[in-house]
Amino acid sequence: MSLLDHFGQPAIRQQMDVLLEGNRLPHAMLFYGEPGSGMLPGALSLVNDILCTQPVKGKACRNCPACNRASKHIHPDLHFLLPLAGAKSLSSAFYGPWREAIAENPWMNVFQWTRYGDMEGKQVDIHKADIQQVTGDLSLEAFEGGNKVIIIWMAQFLAREGNRLLKLIEEPPDRTYFILISNQRERILPTIRSRCMQIYFPPMEVKEITTLLTEVYEVSTEDAEVIARQSFQDMGRALTLAKNTLMDFKDEMASWFRAIISRKGQDMATWADQMGRQDKEEQKQFALYATSFVRNIVWDFADTGEPENADGKEMIKYMHTHYAPDVWPLIIMGLQQTHEKVTRNANTKLLWLSLSITVKNQLMAHRLQHINA
């Protein structure tokens with residue numbers, strides 16, 4: 001399976017096919033939705049259709065030289081506008097890191113993108129100089145005499161500079177297509193939004209995430225089902241979980257709960273110190289994993305009394321039977337707050353120790369009476 005044919009949004013792919021077959025594809029489109037919903041893979045799939053020189057019913061043949069170049073994102077008539085650090089930075093100078101990033105994770109967010117171009121920790125934006133260069137490039141004839149496409153990734157970063165594109169989008173050069181991508185649609189200028197066909201990408205279904213993990217990223221079916229349920233309908237998060245070993249998170253979760261249940265301050269401090277030494281992104285992913293794990297304690301027992309396909313079944317069973325249900329929303333809230341504070345560069349060792357002590361106290365206060373008796 002190729003992401004060009006299946007990017008987890010079959011209804012949207014069908015909508016694209018109808019537009020292509022009827023030769024009714026608009027010159028400007030805005031793909032918007034939640035992170036990890038497949039906007040960039042969807043745009044790259046459509047780009048291949050637009051640039052193909054031998055389309056079949058409007059769809060790419062996948063065999064011609066143009067298709068080959070488009071699938072590798074090296075087609076000379078494919079342009080990108082990207083959030084970059086530095087007012088004089090040009091997207092064309094970052095095409096190498098950009099292609100590397102797409103190959104590794106086309107579901108990435110802006111934070112993940114900054115790791116590729118030596119921009120981590122820097123303020124990024126889509127700048128005036130970059131817009132001017134791309135505007136000039138689009139005014140030229142197509143290198144291969146066919147269509148031209150520009151993808152504006154995370155178009156909310158256009159901000160005030162968006163007006164520079166307004167005239168071009170309103171009256172584009174012949175056979176030129178604009179695809180804007182954003183997970184913050186409301187930050188795009190209304191005048192730009194009104195000139196685009198807007199296509200909403202809903203959160204991905206669990207079954208679609210499972211299919212992509214197994215057929216595109218070669219994750220085992222068993223792990224893919226677990227990861228899909230823990231991804232909160234975000235394929236980017238699912239891919240990150242798949243690339244980090246799932247067993248590591250499982251073992252870390254078990255170690256954390258053992259330290260908390262034992263009520264030994266030294267064990268909790270040791271665990272918090274080890275977690276605080278991990279990469280910030282790893283810590284955030286663990287917080288998300290732990291949130292999903294805690295939700296399983298309630299959800300998987302809600303109807304049948306037994307966890308279905310749950311990770312760490314014995315631990316889930318123990319926590320479910322020994323503690324009152326109203327403690328888990330409190331713990332989830334604590335994990336969500338910790339995730340947010342890790343993102344804001346707080347002292348992570350103290351964060352995890354504080355959370356561990358809080359969870360220990362909450363569990364003690366909500367331990368079921370028949371267990372204490």
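We did not get these values from a lab; they are worked out from the coordinates using the rules stated. This structure is a prediction, so every number in the text was calculated from the model and none was measured. Methodologically, a virtual Cβ is constructed for each residue, glycine included, from the backbone with ideal geometry; neighbour enumeration extends over all protein chains shown.
Here the alpha carbons of the stretch 157-305 define both size measures, Rg and Dmax, at 21.8, 71 Å. The charge dipole of the stretch 136-189, taken about its Cα centre with unit charges on the Cβ of Lys, Arg, Asp and Glu (plus for the first two, minus for the last two), comes to roughly 280 debye.
Note on the chain: dipole from Cβ charges, positive end direction compared against G38, N345, L239; the farthest Cα belongs to N345.
Of all DSSP bridge pairs formed entirely within the chain, close to 15 percent run antiparallel.
Looking at the calculated P(r) for the chain, what percent of the C-alpha pair distances fall above 36 Å? So the portion of pairs separated by more than 36 Å is 33 percent. Placing +1 on the Cβ of every Lys and Arg and -1 on the Cβ of every Asp and Glu, with no other charges, gives the stretch 1-156 a dipole of roughly 140 debye about its Cα centre. Ranked by the mean number of other Cβ atoms within 10 Å of their residues, highest first, the peptides 68-81, 13-26 fall in the order 68-81, 13-26. A Cβ-based charge dipole, computed about the Cα centre of the chain with Lys and Arg at +1 and Asp and Glu at -1, lands at about 940 debye.
If you take every DSSP beta bridge whose two residues both sit in the stretch 10-202, what share of them, in percent to the nearest 5, is antiparallel? Roughly 10 percent of the DSSP beta bridges within the stretch 10-202 come out antiparallel. Under a cut-off of 26 Å between alpha-carbon atoms, report the lysines in cross-link reach of K128, not counting same-chain residues fewer than 8 places apart. Within the straight-line cut-off, K128 pairs with K88, K148, K167.
In the chain, a dipole from Cβ-located charges (positive for Lys and Arg, negative for Asp and Glu) runs towards its positive end, and of W328, Q133, L212 it is Q133 whose Cα lies farthest in that direction. Normalising the average separation of contacting C-alpha pairs (under 8 angstrom, six or more residues apart) by the number of residues puts the relative contact order of the chain at 17 percent. With N the number of residues in the stretch 119-211, Rg(Cα) / (2.2 N^0.38 Å) evaluates to 1.25. For the stretch 67-134, how big is the tail of P(r) above 15 Å, as a whole percent of Cα pairs? Everything past 15 Å amounts to 52 percent.
Counting only Cα atoms, the stretch 10-202 measures 45, 36, 34 Å along its principal axes, largest extent leading. One quarter of the convex hull surface built on the alpha carbon atoms of the stretch 134-179 amounts to 3.2 nm², the projected area averaged over directions.
Express the relative contact order of the stretch 10-202 as a whole percentage, based on alpha carbon pairs under 8 Å and six or more residues apart in sequence.
33
Any idea what % of Cα-Cα pairs in the stretch 206-264 are farther than 15 Å? Pairs farther apart than 15 Å: 49 percent. Mind checking which lysines have their C-alpha under 20 Å from K284, skipping anything on the same chain fewer than 8 residues away? Here the lysines satisfying the reach criterion relative to K284 are K122, K243, K250, K341, K349. A Förster distance of 30 Å, applied to the separation of the beta-carbon atoms of Y217 and M333, puts the FRET efficiency at 0.40.
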